[in-house]
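Notes for the one structure printed next.
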Amino acid sequence: MTRFLIKRVLLAVLTLVAVSVVTFLLFFAVPTNPAEVMCGNARSCTPERIEMLEERLGLNEPLVEQYADFMAGIFVGRTYGEGELARECPAPCLGFSFRNDEPVMDIVTRTLPVTASIVVGAAVVWLVVGVGLGMVSALRRGSWFDRAAITVSLAGASMQIYFFGLLLLIVFVYELGWLPNPGYTSPLEDPVAWVSGMLLPWFTLGFLNSAVYARLARAQMLETLSEDFIRTARAKGLPRRQVYGRHALRAAVTPIVTIAGLDIGNTLGGAVITETVFGMHGLGRTAVQAVEFLDMPIVMATVLLAAFFIVVANIVVDLLYVVIDPRVRLS
């Protein structure tokens, strides 16, 4: 297990380094000069001011040195510019926004909790509802419950977030008035306001994803129930609850954990549509706006964060394999 974990961590580090190199090269692939983007007003963008901004941003250094400074800033911080232009950027330093000259890490710290709150709550919904519905549907194959579950999953899979989310807003907020307008409140400040403001985003994203997981769970459970070890367990006279709960469920849920880990890691990189529908300024909307305004430090930061979440999710999934399915052995 230790050897496996070390190998996975090393592979994760190499993956993140490769992603950082690609994103950093994309930074210089943009035809617009970052100093000109930061300068803003064309009248005030004199050659002297552009040169000053390039020195302030460290763009006047060789490419390799700029990348080394960027990576060093993540771990130990860095200093931008020299003399009167010097600015300290404490670790983890991801640079400064070209649009408002704000440290990128401050922007990430402000927007990431919004996205994380949406994703964590929605993941609970889609895993509990989707997997539970699919498993029960497989155990009652051909019944009215199975047919109803298939209908609901097909309806959910065919809907879009911007339609379903707006529909829930109209019904539960504007017409019935049962819920307040969705919004983010820190759970440390007011847990009740946090839950009430997140209910619609959780249910919208969770329900639509649960439709996919219900179909996947049903298919995996039906396939597992036809395996030889399940027939052997039945032949030994084991109770039905033990056959389904201890043997079939644990084997069927393994591939679902893989997909769930990737989905959670990917969605943490930015639930763009959900944030836009409910007017929340999370990491996803920040990344989209950064692309629109060519704010490359923010783009680089969101890409690295998304890669980090996916890599960590893969490691967690591999470790969960041993707990869920004893047949899996990691070396």
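The values are calculated or read from the model by the stated rules, or taken from the named source; none is laboratory data. Since we're looking at a predicted model, the values are computed, not measured. As a convention, Cβ positions derive from the backbone with ideal geometry for all residues, glycine included, and neighbour counts pool all protein chains shown.
Among residues of the range 1-15 that are farther than 17 Å from Leu320 by Cβ, those with a Cβ under 8 angstrom from a residue that is in a helix (DSSP H, G or I) and at pLDDT 85 or above, sequence gap 6+ or separate chain, pair up as Thr15/Ala307; Thr15/Val311. In this structure, Met280 does satisfy being of a type outside the set (Asp, Glu) and either more than 25 Å from Ala18 (Cα to Cα) or touching a Lys or Arg at 6+ places or on another chain (Cβ under 7 Å) (or both). Confirm whether Phe98 is over 17 Å from the mean Cα position of the chain (by Cα), buried (at least 19 other Cβ atoms within 10 Å of the Cβ) and not β-branched (Val, Ile, Thr). Yes: the conditions hold for Phe98. For the range 254-282, the set of residues classified as crowded, with 22+ Cβ neighbours inside 10 Å and over 30 Å from Asp106 (Cβ atoms) consists of Ala260 only. Criterion applied to Ala193, Ala217 was being assigned by TED's automatic domain parsing to the domain that holds Ser153, in a helix (DSSP H, G or I) and in contact (Cβ under 8 Å) with a residue 24 or more places away in the chain, and the one residue passing it is Ala217. Being touching an Asp or Glu at 6+ places or on another chain (Cβ under 6 Å), of a type in the set (Ser, Thr, Tyr) and assigned by TED's automatic domain parsing to the domain that holds His281 holds for only one residue in Ser186, Ser158, Ser137, and it is Ser137.
Filtered by the rule that a residue be of a type in the set (A, V, I, L, M), modelled with pLDDT under 90 and under 25 Å from Thr111 (Cα atoms), the range 194-216 gives Leu205, Leu208. Every condition in (1) touching an Asp or Glu at 6+ places or on another chain (Cβ under 8 Å); (2) within 21 Å of Val119 (Cβ to Cβ) is met by Val277 except one, and the failing one is (1).
Conditions tested, residue by residue: (1) outside any helix (DSSP H, G or I); (2) of a type in the set (Gly, Ala, Ser); (3) within 22 Å of Thr254 (Cβ to Cβ).
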| residue | (1), (2), (3) |
| --- | --- |
| Gly134 | no, yes, yes |
| Ile150 | no, no, no |
| Gly156 | no, yes, no |
| Val171 | no, no, no |
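Within this structure, Ala123 fails the test of being outside the structural domain of Arg241 (by TED's automatic domain parsing) and more than 23 Å from Gln289 (Cβ to Cβ).
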